[in-house]
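The values are calculated or read from the model by the stated rules, or taken from the named source; none is laboratory data. The structure displayed is predicted, hence computed values, not measured ones. Positions of Cβ are generated from backbone atoms using ideal geometry, with glycine treated the same way; all protein chains shown enter the neighbour counts.
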Amino acid sequence: MINKITALWLGPVGHTWILNLRRLPATLERLRIDRQLEEALATGGDPLHLVKVFAISERAAVRYAANAQALLQPEPTPPADRRLQE
């Protein structure tokens, strides 16, 4: 986690900053999952990139990549009702 102070150096955020997260509905786990899925979407679902960036297992990277690719697919158009065309 970074904030506007820790973004300028390589230290962790403070204890108080973490305690402030407790009031939010998002957990650190949800934020981590969201960040990894967002990266998968941004790279078109490249599992190798996810392994390198997040140091996650190949299996997890493939799962994120598959989910991203499914989300990136255009939704199929339902066929037109033939009765309306006649």
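On the basis of being modelled with pLDDT under 90, exposed (fewer than 11 other Cβ atoms within 10 Å of the Cβ), on the phi < 0 side of the Ramachandran plot and not in a helix (DSSP H, G or I), does ALA26 make the cut? Yes.
Looking at GLY11, GLY44 in this structure, which one is in contact (Cβ under 8 Å) with a residue 24 or more places away in the chain and either assigned to a helix (DSSP H, G or I) or of a type in the set (Gly, Ala, Ser) (or both)?
GLY44 is the lone residue from the list that is in contact (Cβ under 8 Å) with a residue 24 or more places away in the chain and either assigned to a helix (DSSP H, G or I) or of a type in the set (Gly, Ala, Ser) (or both).
ARG63 - would you say it is under 17 Å from MET1 (Cβ atoms) and either in contact with a Leu (Cβ under 9 Å, 6 or more places away or on another chain) or free of Cβ contacts under 8 Å to residues at least 12 places away in the same chain (or both)? Step through it out loud before you land on a result.
On the way: under 17 Å from MET1 (Cβ atoms): no; either in contact with a Leu (Cβ under 9 Å, 6 or more places away or on another chain) or free of Cβ contacts under 8 Å to residues at least 12 places away in the same chain (or both): yes.
No, not satisfied.
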